[in-house]
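S.K.: For reference, the structure I am asking about is given below.
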Amino acid sequence: MSPKKAGVVTRVVTKRSLIDKANSTIVIAAGVAAFLVVFSLVSAKGLVGKISYQQDVISKKKAAKEQLEKNMKSRDTLVRAYQAFSSTSRNVIDGSTVGSGDRDGENGKIILDALPSKYDFPALTSSLEKLAQQQSIVASNLSGTDDEVAQQEQAGSASPQPIPIPFSITVAGSHLQIENFVMSFERSIRPIQIQTLSLSAGDDGLSAAISAETYYQPEKILEVKKEVYKK
């Protein structure tokens, strides 16, 4: 082969090598570019999702802060109302707030005594016997179901409801004494609802058999909840 032909072949081979090298470079560059585009899109999607999540979290925190501020204002209003309610010189049953008589005591204590948070049947019988003594009337057959063990299962809740305590009692005396005794249920700080009342007359006067019920209400529990926000 002549030197001239050899030079031509060498130049052709060199051009093909350069073309192949350029093609390889283009393919690699296109692959890298495609990878960068896909990576950028995936990253952008994740970033947008995080931004949206953070915005939702900020919105919920703002709502919680506003609710907390409202609760604080309500608390202050409640404290002032309670202070005004308990600082009067006469209580809700027209007794002295500083005395020690049957109708005396602070309004807060009277309200708690009116609807106790614990089931206590012996305390109820003591109250009924005291009412009878105040009317100088003879009380007998005071009965009911001392259900303290079962009632212990009534735990406090966020929305407690009054639970009835049924009882029955028989009183004997004059017509006026029995009438005053029944009226004392209406004046009692404990809510008492008469279910049945049966009167019978004898040589010694009247006798009244009364079936009624009073109530207690389990404690109210204030629940502070934590919410984990997921999206």
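The values are calculated or read from the model by the stated rules, or taken from the named source; none is laboratory data. Quick caveat: nothing in here was measured; it's all calculated off a predicted structure. Counting neighbours? That spans all protein chains shown, and the Cβs are built from the backbone with ideal geometry, glycine included.
S.K.: Can you find a residue that is within 19 Å of residue 213 (Cα to Cα) and assigned to a helix (DSSP H, G or I) anywhere in region 73-81?
M.R.: Among the residues of region 73-81, not one is within 19 Å of residue 213 (Cα to Cα) and assigned to a helix (DSSP H, G or I), which makes the answer no.
S.K.: Also: Among the residues of region 160-190, which ones are exposed (fewer than 13 other Cβ atoms within 10 Å of the Cβ) and in contact (Cβ under 8 Å) with a residue 60 or more places away in the chain?
M.R.: 187
S.K.: Tell me whether region 164-185 contains one or more residues that are among the acidic types (Asp, Glu) and modelled with pLDDT under 85.
M.R.: We begin by selecting, within region 164-185, every residue among the acidic types (Asp, Glu); these are 179.
Of the ones still in play, those that are also modelled with pLDDT under 85 are none.
Scanning region 164-185, I find no residue that is among the acidic types (Asp, Glu) and modelled with pLDDT under 85, so the answer is no.
S.K.: Mind counting the residues in region 85-141 that are among the hydroxyl-bearing types (Ser, Thr, Tyr) and under 16 Å from residue 214 (Cα atoms)? Steps first, please.
M.R.: Initial filter on region 85-141 (among the hydroxyl-bearing types (Ser, Thr, Tyr)): 86-89, 96-97, 100, 117, 119, 125-127, 136, 140.
Pick out the ones that are also under 16 Å from residue 214 (Cα atoms) and you get 117, 119, 125-127.
Here the count works out to 5.
S.K.: Next up: Output the number of residues of region 97-135 satisfying the condition of being outside any helix (DSSP H, G or I), of a type in the set (Asp, Glu) and modelled with pLDDT of 80 or more.
M.R.: Taking region 97-135 and keeping what is outside any helix (DSSP H, G or I), we get 97-106, 115-120, 135.
Of the ones still in play, those that are also of a type in the set (Asp, Glu) are 102, 104, 106, 120.
Among the residues that remain, those that are also modelled with pLDDT of 80 or more are: 106, 120.
Selection size over region 97-135: 2.
S.K.: Let me ask something else about it. Cβ-Cβ under 9 Å, sequence separation 6+ or interchain: first residue in region 136-156 and modelled with pLDDT of 65 or more, partner part of a helix (DSSP H, G or I) and of a type in the set (D, E, K, R). Which pairs?
M.R.: Sorted first by the residue in region 136-156, then by its partner, the pairs are 139/129; 142/129.
S.K.: Can you tell me which residue among 104, 94, 56, 120 is touching a residue at least 60 places away in the same chain (Cβ under 8 Å) and under 30 Å from residue 163 (Cβ atoms)? Before you say what the answer is, go through the steps one by one.
M.R.: Values: 104 fails: touching a residue at least 60 places away in the same chain (Cβ under 8 Å); 94 fails: touching a residue at least 60 places away in the same chain (Cβ under 8 Å); 56 fails: under 30 Å from residue 163 (Cβ atoms).
So the residue among 104, 94, 56, 120 that is touching a residue at least 60 places away in the same chain (Cβ under 8 Å) and under 30 Å from residue 163 (Cβ atoms) is 120.
S.K.: Answer yes if at least one residue in region 88-107 is among the small types (Gly, Ala, Ser), in contact with a Phe, Trp or Tyr (Cβ under 9 Å, 6 or more places away or on another chain) and not assigned by TED's automatic domain parsing to the domain that holds residue 190, and no otherwise.
M.R.: Let us first name the residues in region 88-107 that are among the small types (Gly, Ala, Ser), namely 89, 95-96, 99-101, 105.
Add one more test, that the residue is in contact with a Phe, Trp or Tyr (Cβ under 9 Å, 6 or more places away or on another chain), and what stays is none.
Within region 88-107, none of the residues are among the small types (Gly, Ala, Ser), in contact with a Phe, Trp or Tyr (Cβ under 9 Å, 6 or more places away or on another chain) and not assigned by TED's automatic domain parsing to the domain that holds residue 190.
S.K.: Restricting attention to region 65-96, report how many residues are at pLDDT 80 or above and closer than 21 Å to residue 134 by Cα. It would help to see each step written out before you state the result.
M.R.: First, pick out the residues of region 65-96 that are at pLDDT 80 or above: 65-91, 95-96.
In the following step, the residues that additionally are closer than 21 Å to residue 134 by Cα were identified as 91, 95-96.
Number satisfying all stated conditions: 3.
S.K.: Which of the following residues is at pLDDT 70 or above, hydroxyl-bearing (Ser, Thr, Tyr) and farther than 30 Å from residue 113 by Cα: 2, 59? Outline the logic, then answer.
M.R.: Numbers: 2 fails: at pLDDT 70 or above.
Exactly one of 2, 59 is at pLDDT 70 or above, hydroxyl-bearing (Ser, Thr, Tyr) and farther than 30 Å from residue 113 by Cα, namely 59.
S.K.: Return the residues of region 208-225 that are free of Cβ contacts under 8 Å to residues at least 60 places away in the same chain and touching a Leu at 6+ places or on another chain (Cβ under 7 Å); say none if nothing qualifies. Explain how you work it out, then say what you get.
M.R.: Here is the first cut: in region 208-225, the ones free of Cβ contacts under 8 Å to residues at least 60 places away in the same chain are 208, 210-213, 224-225.
208, 210, listed by residue number.
S.K.: Name the residues in region 180-231 that are within 30 Å of residue 60 (Cα to Cα) and not charged (D, E, K, R), would you?
M.R.: 221, 222, 224, 228, 229
S.K.: Still on this model: Could we say that residue 88 is closer than 30 Å to residue 162 by Cα and more than 29 Å from the chain's Cα centre (by Cα) here?
M.R.: Details: closer than 30 Å to residue 162 by Cα: yes; more than 29 Å from the chain's Cα centre (by Cα): yes.
Yes.
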